[in-house]
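Student: Pasting in a structure now, in structure tokens, and then I'll have a few things to ask.
Computed from the coordinates by the stated procedures, all read-outs in this text should not be read as laboratory data. In this text the structure is predicted, and so the values were computed from the model without any measurement.
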Amino acid sequence: MTMNLEEKAVKEALKKIIDNNNAIPYKAKVELKMIIEMEHDPEKLLQECLLYMLSYRG
């Protein structure tokens with residue numbers, strides 16, 4: 001499935017926000033960026049990121 005330009009731009013912006021946040025540990029940054037890359041539905045993406053953050057133990 002190809003990614004449209006808007007989806008790609010949003011994903012790149014989200015990844016930059018994650019990279020620039022010093023409060024997020026490296027491991028969590030990598031895993032959140034993997035979630036962002038794998039998910040294509042915006043609602044599902046939000047749910048997956050929130051679930052990850054709720055369950056993250058470091």
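Student: For the chain, take the alpha-carbon Rg, divide it by the Kirkwood Rh, and send me Rg/Rh. Don't skip to the answer; put the middle values down first.
Tutor: Details: Rg = 11.4 Å, Rh = 11.8 Å.
Rg/Rh for the chain comes to 0.97.
Student: Tell me the angle of helix 5-20 to the major Cα principal axis of the chain, expressed in degrees between 0 and 90 and rounded to the nearest ten.
Tutor: 20
Student: Would you list, by chain and number, the lysines whose Cα falls below 18 Å from the Cα of Lys44, excluding same-chain residues fewer than 8 positions away?
Tutor: Reachable lysines: Lys8, Lys11, Lys15, Lys33.
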